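Laboratory data are not the source of any read-out in this text; all were calculated from the coordinates shown. These numbers come from a predicted model, not from an experiment. Here the Cβ positions follow ideal geometry from the backbone for every residue, glycine too, while neighbour counts run over all protein chains shown.
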Amino acid sequence: KGQWPSLHDPKVGLDMFLHYFGAHPEMRAVFGYTEDVAALAGNAKLAKHGKAVMDQIGTAVSEIDDLGKMTATLKALGVRHKGFGDIKAEYFPVLGVSLIHVMEKKLPGLDKGAWNAAYKAISDAIISGIQS
């Protein structure tokens, strides 16, 4: 929670997706993109999605002391994601690797253990909404 102010940056969200699509180019189509990663760096829609991801993580961080509320918020986000196509649970751990990678570049000394645990809790709640 204490590291969040240093990490809450829309560019972290965009860079997460760029790293993810660079490592897993087949995922661009799942998200509706055909451009290569270099072109996506300037894509306003992807930047907006990256900002939304970071804002949602910020909401989760702010609700971390009330796990019931945090889980309900994230599960509702997962339910909304059901309308975006065939989103699979297995996409989330790999996306988390990209997020933690970018966060670590942004903040040397990142508490990777805490952020990996936080990301797992966040993604598990979202997945439960998708699968509901």
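In straight-distance terms, cross-link reach from LYS120 covers every one of the aspartates and glutamates whose alpha-carbon lies under 19 Å from its own, apart from those fewer than eight places away in the same chain; here that gives ASP55, GLU63, ASP65, ASP66, GLU90, GLU104, ASP111.
In the neighborhood of SER132, defined by Cβ-to-Cβ distances under 9 Å, what is the net charge if each Lys or Arg adds +1 and each Asp or Glu adds -1? Working shown, then result.
Numbers: positive: LYS75, LYS82; negative: none.
For residues surrounding SER132, the net value is +2.
Figure the gain on full extension for LEU67 and ALA114 (residue separation times 0.36 nm, minus the Cα-Cα span) and round it to one decimal in nm. Could you put the intermediate results ahead of the total?
Details: separation 47, 0.36 × 47 = 16.92 nm, distance 1.54 nm.
Answer, rounded to one decimal: 15.4 nm.
The protection proxy used here, the mean number of other Cβ atoms lying within 10 Å of each residue, ranks peptides 38-46, 90-98 as follows, highest first: 90-98, 38-46. As a quick test, which of the pairs LYS11/LYS82; LYS48/LYS88; LYS1/LYS45 have an alpha carbon distance above 24 angstrom in this structure? With Cα atoms farther than 24 Å apart: LYS11/LYS82; LYS1/LYS45.
With +1 on each Lys and Arg Cβ and -1 on each Asp and Glu Cβ, how big is the dipole of the chain about its Cα centre, in debye rounded to the nearest 20?
Working: 15 positive and 14 negative charges, 38 e Å.
Roughly 180 debye, rounded to the nearest 20.
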